[in-house]
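Peer 1: First the structure, then my questions, so here it is.
The values are calculated or read from the model by the stated rules, or taken from the named source; none is laboratory data. What you see is a predicted model; the values in this text were computed from it and never measured. Neighbour counts are summed over all protein chains in view; Cβ atoms, including those assigned to glycine, are modelled from backbone coordinates with ideal geometry. For the accessible areas, the whole protein counts, side chains as well, though only heavy atoms, and no ligand, DNA or RNA atoms are used. Shrake-Rupley method; radii C 1.70, N 1.55, O 1.52, S 1.80 Å.
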Amino acid sequence: MTSRHRSFHALVAVLATAALLLQLVLVLQGGRVLDEQSVPPLEVRLGRLVSYFTIQSNLLVALAAAHLARSARPGRPVLRLDALVGITITGLVHFVLLRPLLDLEGLDALADAMLHLVVPVAALVGFVAVGPRPRVTRRTAALALAWPLGWLAWTLVVGLVTGWFPYPFLDHREEGWAAVVVTCAAITALFVLLLGALALLDRSRTRGPEKQPVR
């Protein structure tokens, strides 16, 4: 990668980190999340913050981009696949399912735009236009699925125990378990389809200096 390419990835890392820090500050100040009507205690707010798929996917983008910015040998295909697919799903799900629930202003609106629009777009531009693109094998795809499936299982268990779900479409009390199962299956299928699309892209491109071995 050239220094210009590394500079772009450094910019993506800064954007994702800045978005995460801004959201953290807002949560520390008592900012509401989604449709919460009251402000829970600080320790509860922090625990809920790190439970969001949005936060985790932005963190993965920050880590993957920082690695690309400082390393001459990209590697870490699982991290990069999770970051790219996770942040893409973050943007799509937010736009389709969550955006109608929000009425944000000021810094809350800025944090929302950075987490759900700016960082996803920047990450996709980095993948499509800047590169390098990670190799996608069955092994890396299977490993990449471990995070979203683990997040989903953990989120449902915690929700059943505590009664709190990070997203309304995961709450069986809203539309029933059938709706939750359908939504979870659809999002999982989307994750798999995106991984498949990346695998097809990887196989169709010609071999060149950007081709990286699986590490």
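Peer 1: If a residue has to be of a type in the set (Asp, Glu) and in a helix (DSSP H, G or I) to count, how many in the range 139-174 make the cut? So that I can check it myself, show each step before the final result.
Peer 2: Going residue by residue through the range 139-174, those that are of a type in the set (Asp, Glu) are 171, 174.
Pick out the ones that are also in a helix (DSSP H, G or I) and you get 174.
Number satisfying all stated conditions: 1.
Peer 1: Identify, from the list 93, 136, 121, the residue that is of a type in the set (A, V, I, L, M) and in a loop (DSSP other than H, G, I, E, B).
Peer 2: Working: 93 fails: in a loop (DSSP other than H, G, I, E, B); 121 fails: in a loop (DSSP other than H, G, I, E, B).
Being of a type in the set (A, V, I, L, M) and in a loop (DSSP other than H, G, I, E, B) holds for just one of 93, 136, 121, which is 136.
Peer 1: Still on this structure, please answer the following. Consider residue 85 carefully, then state whether it is at pLDDT 80 or above and either within 30 Å of residue 30 (Cβ to Cβ) or hydroxyl-bearing (Ser, Thr, Tyr) (or both). Break it down into steps so the answer makes sense when it comes.
Peer 2: Numbers: at pLDDT 80 or above: yes; either within 30 Å of residue 30 (Cβ to Cβ) or hydroxyl-bearing (Ser, Thr, Tyr) (or both): no.
Judged against the criteria, residue 85 is not a match.
Peer 1: Name the single residue, out of those in the range 43-81 being of a type in the set (Val, Ile, Thr) and under 17 Å from the mean Cα position of the chain (by Cα), that is surrounded by the most Cβ atoms within 10 Å (Cβ to Cβ). Spell out the reasoning first.
Peer 2: Applying the first criterion (of a type in the set (Val, Ile, Thr)) to the range 43-81 yields 44, 50, 54-55, 61, 78.
Keeping just the survivors that are under 17 Å from the mean Cα position of the chain (by Cα) gives 50, 54-55, 61, 78.
Working: 50: 12, 54: 27, 55: 20, 61: 30, 78: 21.
Within the range 43-81, the match that is surrounded by the most Cβ atoms within 10 Å (Cβ to Cβ) is 61.
Peer 1: Output the residues belonging to the range 98-118 that are in a helix (DSSP H, G or I) and modelled with pLDDT under 80. Spell out how you get there, then give the answer.
Peer 2: The first filter runs over the range 98-118 and keeps only residues in a helix (DSSP H, G or I), leaving 98-101, 106-118.
Correct list: 98, 99, 100, 101.
Peer 1: Can you tell me which residue in the range 1-17 is modelled with the lowest pLDDT, limited to those that are within 17 Å of the chain's Cα centre (by Cα) and crowded, with 17+ Cβ neighbours inside 10 Å?
Peer 2: So, considering only residues that are within 17 Å of the chain's Cα centre (by Cα) and crowded, with 17+ Cβ neighbours inside 10 Å, the one modelled with the lowest pLDDT is 9.
Peer 1: For the range 171-190, does any single residue satisfy the condition of being among the hydrophobic types (A, V, I, L, M, F, W, C), surrounded by 14 or more Cβ atoms within 10 Å (Cβ to Cβ) and in contact with a Gly (Cβ under 9 Å, 6 or more places away or on another chain)? Don't jump to the end; show me each part of the working.
Peer 2: From the range 171-190, those among the hydrophobic types (A, V, I, L, M, F, W, C) are 177-182, 184-187, 189-190; that's our starting set.
Imposing the further condition that a residue be surrounded by 14 or more Cβ atoms within 10 Å (Cβ to Cβ) reduces the set to 179-180, 184, 187, 190.
Checking the rest, the ones that are also in contact with a Gly (Cβ under 9 Å, 6 or more places away or on another chain) come to none.
No, because not a single residue in the range 171-190 is among the hydrophobic types (A, V, I, L, M, F, W, C), surrounded by 14 or more Cβ atoms within 10 Å (Cβ to Cβ) and in contact with a Gly (Cβ under 9 Å, 6 or more places away or on another chain).
Peer 1: Over 28 Å from residue 200 (Cβ atoms), open to solvent by 20 Å² or more (accessible area, probe 1.4 Å) and more than 17 Å from the chain's Cα centre (by Cα), is that true of residue 135?
Peer 2: Spelling it out, it is not the case that residue 135 is over 28 Å from residue 200 (Cβ atoms), open to solvent by 20 Å² or more (accessible area, probe 1.4 Å) and more than 17 Å from the chain's Cα centre (by Cα).
Peer 1: Continuing with this model, one more query. Could you tell me which numbered condition residue 158 fails, if it satisfies all but one of (1) modelled with pLDDT under 95; (2) touching a Leu at 6+ places or on another chain (Cβ under 6 Å)?
Peer 2: For residue 158, the failing item is (2).
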